[in-house]
Amino acid sequence: MVIEKIEIKNLYKIFGPHPEKAVDLLKSSKNKDEILSKTKNVVGLNNVSLSIKSGEIFVVMGLSGSGKSTLARCINRLIEPTSGEIYIDGENITAMSYNELLQVRRNKIGMVFQSFALFPHLNLLDNVAYGLKVQGVPVAKRHEKAAQALKGVGLSGWEKHYPQQLSGGMRQRVGLARALANDPGILLMDEAFSALDPLIRQDMQDELMNMQGKMNKTIVFITHDLNEALKLGDRIALMKDGKINQVGTPEEILNQPATKYVARFVEGVDKTRVFTAAHVMKKPSPLLYAKDGPRVALLRMNEVGISSIFVVDKQKKIQGLLYADKAAEALRAGEDTVISYLDTDYAKVAPETYISDMFDMMATVQGPVAVASPDDHLLGIIVRGTIFAALSGGESPL
């Protein structure tokens, strides 16, 4: 049986004097405004149920007042739920004593807030080590862990500097390092990049993605920014009035909105800044193998009406791109192989390249674009029609 990293069941949070009455009214289909009018209670969460997998970036997004930050703080019980259950690694934390909860917070969960919350009188090393100090970890050990955490966020060598000497982006890196210092399995990031300038924010998003490739943490990321959610999220939960409207992958949220609210929310999204080469690439077929000769090459191109074909070795590592006129030239020359006729200066992108970053290339390239791994293994191919069909929701001409 697979145990989810975080599982939330029928979670309610009511702020006000009569929370139980408000929950009963919610269960009888009264809405948030009606409950406020009748009971003076504010609905924070309304019957939220979620399962979050180990190692995924799960983004919770919505407008102000949607309940997203309340949900994040309920996960580690900084805010006490009114009713419902929260499980971490199969353990019900809503049933835990204070001391048991304290151990979970110390050992399993790190949190990064929108405000940097750094101590101005402590250098970066001691800021990052502060949580470990509270736990009673010896000085040498906590400084060792803090230094490792600072190195992990790209701030090695800055240990003796103070927060006021850093830019906003660097201070947020320190906040992230502090959350990582005890190597928690879960990171709660509540609007962590919202206070940053746009360019620094993008850099931090990229840095988080790079770090996640190495850390493989379970990250619950709270944001009101749709583009940020689409960029970071393996899955996204979109909230309104304390309820979950939809949970899905970025593609599902964009292409299959479950409610009118979600459809309005994603209207006008620039898909070229969300979809990547991996989203729009087509299966690399047909292919030519290095052992094949010019006659086979021309036959395969003729069968599907194309004028170029990628040549790969047995492991599908790209050797080059062969154009039909070069294959014909090799045939006339009586060649048994086409290796010396390949164009090795072919267009190539990584699978994570955004479509918006490919437009200049697509405007000038003659043949198909290879989508390749760092070691040049062919993952897929892209032509102009592939991109336009994917963005319109239609079928590619390939």
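The values are calculated or read from the model by the stated rules, or taken from the named source; none is laboratory data. Since this is a predicted model, take the numbers as computed values, not measurements. So basically every Cβ, Gly included, is an ideal-geometry build from the backbone, and we count neighbours across all protein chains shown.
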Report task. Report yes if residue 195 is touching a helix residue (DSSP H, G or I) at 6+ places or on another chain (Cβ under 8 Å), surrounded by fewer than 19 Cβ atoms within 10 Å (Cβ to Cβ) and either of a type in the set (Val, Ile, Thr) or in the same structural domain as residue 64 (by TED's automatic domain parsing) (or both), otherwise no. Result -> yes
Query raised in the report: Can you tell me which residues in region 106-126 are among the basic types (Lys, Arg) and either under 19 Å from residue 156 (Cα atoms) or surrounded by fewer than 18 Cβ atoms within 10 Å (Cβ to Cβ) (or both)?
Result: 106
Query raised in the report: Taking the condition free of Cβ contacts under 8 Å to residues at least 24 places away in the same chain, among the charged types (D, E, K, R) and in the same structural domain as residue 234 (by TED's automatic domain parsing), does residue 108 pass?
Result: no
Requested in this report: Would you be able to say whether some residue in region 247-267 is surrounded by 18 or more Cβ atoms within 10 Å (Cβ to Cβ) and among the hydroxyl-bearing types (Ser, Thr, Tyr)?
Outcome: no
Query raised in the report: Within region 302-341, restricting attention to residues that are touching a residue at least 40 places away in the same chain (Cβ under 8 Å) and assigned to a strand (DSSP E or B), which residue is farthest from the chain's Cα centre (by Cα)?
Result: 323
Report task. Filter region 210-232 down to residues that are within 10 Å of the chain's Cα centre (by Cα), within 23 Å of residue 115 (Cβ to Cβ), outside any strand (DSSP E or B) and not acidic (Asp, Glu), then give me how many there are. Result -> 4
Query raised in the report: How many of the residues in region 67-85 are on the phi > 0 side of the Ramachandran plot and not in a strand (DSSP E or B)?
Result: 2
Report summary line: The residue from 141, 151 that alone is under 20 Å from residue 215 (Cβ atoms), basic (Lys, Arg) and assigned to a helix (DSSP H, G or I) is 151
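Condition first: in contact with a helix residue (DSSP H, G or I) (Cβ under 9 Å, 6 or more places away or on another chain), surrounded by 14 or more Cβ atoms within 10 Å (Cβ to Cβ) and free of Cβ contacts under 8 Å to residues at least 40 places away in the same chain. Can you find one or more residues in region 275-285 that meet it?
No, that holds for no residue.
Quick grid of which residues meet (1) of a type outside the set (Asp, Glu); (2) at pLDDT 90 or above:
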residue: 249; (1), (2): yes, yes
residue: 261; (1), (2): yes, yes
residue: 265; (1), (2): yes, no
residue: 270; (1), (2): no, no
residue: 286; (1), (2): yes, yes
residue: 290; (1), (2): yes, yes
residue: 293; (1), (2): yes, yes
residue: 310; (1), (2): yes, yes
Query - Complete set of residues in region 241-290 that are within 27 Å of residue 51 (Cα to Cα) and among the polar types (S, T, N, Q) - result: 245, 246, 249, 255, 256, 259, 276
Report summary line: Filter region 293-307 for residues that are in contact with a strand residue (DSSP E or B) (Cβ under 8 Å, 6 or more places away or on another chain) and surrounded by fewer than 19 Cβ atoms within 10 Å (Cβ to Cβ); the one that is nearest to residue 340 (Cα to Cα) is 296
Query raised in the report: Just one of the numbered conditions (1) over 24 Å from residue 210 (Cβ atoms); (2) among the aliphatic types (A, V, I, L, M); (3) buried (at least 17 other Cβ atoms within 10 Å of the Cβ) is not true of residue 372; which one?
Result: (1)
**Report entry** Every residue from region 342-359 that is under 30 Å from residue 227 (Cβ atoms) and either outside any helix (DSSP H, G or I) or more than 26 Å from the chain's Cα centre (by Cα) (or both)
**Finding:** 347, 348, 349, 350, 351, 352, 353, 354, 358
Requested in this report: Kindly indicate whether any position in region 368-383 is at pLDDT 85 or above, in contact with a helix residue (DSSP H, G or I) (Cβ under 7 Å, 6 or more places away or on another chain) and in a helix (DSSP H, G or I).
Outcome: no
**Report entry** Looking only at region 23-38, and only at residues there that are in a helix (DSSP H, G or I) and touching a residue at least 40 places away in the same chain (Cβ under 8 Å), the one that is nearest to the chain's Cα centre (by Cα)
**Finding:** 32
